[in-house]
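The values are calculated or read from the model by the stated rules, or taken from the named source; none is laboratory data. Bear in mind that the values here come from a model prediction, so they are computed numbers and not experimental data. Here Cβ is always computed from backbone atoms with ideal geometry, including for glycine, and neighbour counts include all displayed protein chains.
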Amino acid sequence: MSSPCRASGRFPLHVLVWNNDYRRLDEELRDQDVDQRDPRGRTLLHLAVSLGYIESAKVLLQHKADVTKENAQGWTGKESLWLPA
């Protein structure tokens with residue numbers, strides 16, 4: 001995975017997920033799109049699940065993240081749970 005530091009200005013919520021800063025993520029999501037995508041087609045939920053960040057994934061689900069959104073490879077957030085680590 002590429003470092004989130006380069007994208008922090010354009011994708012700050014993805015950086016919060018990358019760092020598993022779920023408390024701040026919860027605050028920031030109050031006025032942001034929970035299903036936004038990064039340049040690789042990943043939603044915040046895809047990233048949280050792929051990194052194994054359960055706390056961030058829970059926050060995203062509480063904010064109604066769409067588990068049916070597909071990434072660039074056609075995987076949904078729900079299906080991504082089954083990918084090997």
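Only residues that are in a helix (DSSP H, G or I) and under 17 Å from His46 (Cα atoms): list them for the stretch 12-32, please. Selection gives Pro12, Leu13, His14, Val15, Leu16, Val17, Trp18, Tyr22, Leu25, Asp26, Leu29.
If you go through the stretch 37-64 and keep only what is at pLDDT 95 or above, part of a loop (DSSP other than H, G, I, E, B) and either within 9 Å of the chain's Cα centre (by Cα) or under 20 Å from Trp75 (Cβ atoms) (or both), you end up with Tyr53, Lys64.
Pairs are defined by a Cβ separation below 7 Å, a sequence spacing of at least 6 or placement on different chains, a first member in the stretch 56-85 that is more than 19 Å from Asn19 (Cα to Cα), and a second member that is part of a loop (DSSP other than H, G, I, E, B) and at pLDDT 95 or above; the pairs so defined are Lys64/Val34; Asp66/Asp35; Lys69/Asp35.
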